[in-house]
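Read the structure below first, then the notes.
The values are calculated or read from the model by the stated rules, or taken from the named source; none is laboratory data. Small disclaimer: the values here were computed from a predicted structure and weren't measured. For neighbour counting, all protein chains shown are included, and Cβ atoms are generated from backbone atoms with ideal geometry for every residue, glycine included. For the accessible areas, the whole protein counts, side chains as well, though only heavy atoms, and no ligand, DNA or RNA atoms are used. Shrake-Rupley method; radii C 1.70, N 1.55, O 1.52, S 1.80 Å.
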Amino acid sequence: MNLEDLQKKLLAAARAHPPEDRVPYAFEKRILARLTAQPVDGSALWARALWRAAIPCVAVTLLMATLSLTMVSTETATVTDDDVSQQFELALLAPANQLEELQ
Amino acid sequence: MVWDARRAPRNREMALTAMSIPLLSEATAFAVVGEQPSGIVPPMERTEAELIAAAVSGDTASFEPLIQKYSPRVFATARRYARLEREVEDIAQEVWIKAFQKLGSFRGDAPFEHWLMRMAVRTCYDFLRSHQRNRESAFSEISEPEDDWLERFATAPESASEHADAAKQLISRVLEEMSPAGRLIITLLELEDRSVKEISELTGWSVPLVKVRAFRARGEMRKILARLTRDKYL
């Protein structure tokens, strides 16, 4: 049997019988119902929100890093009493200091 | 001038049109009769681009005319790859849901139909890949008409008509035996007469990859046919 001819004949048979394009009744209504009833994907919303928040977070981090680096360089030059970092540390450790005083 | 088919059926054709109006959708009826509440634009009167823009902005109802218009093509495509009607419907449904979700990425450079068909072909390919393990070794169950057709082809090839149902069944069996990529390529290239470039655009594969896969698919098909005839005649 000539396989080449058989292949051609079968492909011609497939071309001679194109598939139907019939659409089931009210198919579009079913799709619309599915689309409107689609549940809100909570994790996807979270993921999208977090991705959107990533850029401002990176920007703030970079800004703070730049600021702290410039402040460190000025700090080494002149350390004053009203240094922001000193005040921040005092404020942060205030409860601990008070505890120590009470004891 | 606005023609009202319900008021003035001048001949039989017009009268029939007037009778069919209640069967049409509200929007189509507006289009025929020309009576339209002010401020409301029926979906059928809007262009495809307007419908897409409305659907993207969340108006799901604007998607309906698009589904109505292109579903026959989506179903015909799905029927090339899935045998059971349930599977065909699942594929069509997936195509439309994906289309709605990704509608924002449609830029309008090419017609909507091309964009949709790309999605349909890729969904069908995913379907073939996910059902790869379920493929049966179909040649053990060849029916009597198919057997007769092969017999006729073996004795006098010209007497075996390609219009016979048996030939259609046989090619379906052969395609089901093929790998997903091979089946997709043979279907697009040989059955739908698409060019290599078109297949490349539809599948997302490069042109050389399409050519390589087409070459392999033809070889694969010939091997399957050899097995079919060997099982039968040796």
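Some observations on this one:
- Subset of A:K9/B:K98; A:K8/B:K102; B:K168/B:K223 violating a 28 Å alpha-carbon distance limit: A:K9/B:K98; A:K8/B:K102
- The stretch between A:E89 and A:W51, if pulled fully straight at 0.36 nm per residue, gains 10.4 nm over its current Cα-Cα span.
- Projecting the Cα atoms of A:L3, A:Q87, A:T61 onto the charge dipole of chain A, computed from C-beta unit charges around the Cα centre, puts A:L3 farthest toward the positive end.
- Look at the dipole of the stretch A:3-74 built from charges on Cβ: of A:S43, A:T70, A:A14, the Cα furthest out on the positive end belongs to A:S43.
- Using the Cβ-Cβ distance between B:E48 and B:D193 with R0 set to 25 Å, the FRET efficiency from 1/(1 + (r/R0)^6) comes to roughly 0.45.
- Additional length obtainable on full extension of the chain from B:D147 to B:A110, 0.36 nm per residue less Cα span: 8.7 nm
- Between A:E20 and B:R230, the simple spin-label model (points 7 angstrom out along Cα→Cβ) gives 3.8 nm.
- Area accessible to solvent at B:V212, 1.4 Å probe radius, in Å²: 70 Å²
- Ranking B:L225, A:L69 from most to least accessible surface, computed with a 1.4 Å probe over the protein chains only, gives A:L69, B:L225.
- R0 of 35 Å, Cβ-Cβ distance A:M71-B:V56: FRET efficiency to nearest 0.05: 0.15
- Within chain A, helices built from complete DSSP H runs that reach 15 Å or longer along their own axis (Cα positions) and carry a mean Kyte-Doolittle hydropathy of 0.0 or higher are A:42-77, A:84-102.
- Other residues within the sphere of radius under 9 Å centred on the Cβ of B:P157, judged by their own Cβ, net out at 0 (K and R +1, D and E -1).
- Subtracting the Cα-Cα distance of B:K102 and B:Q68 from their residue separation scaled by 0.36 nm leaves 10.4 nm.
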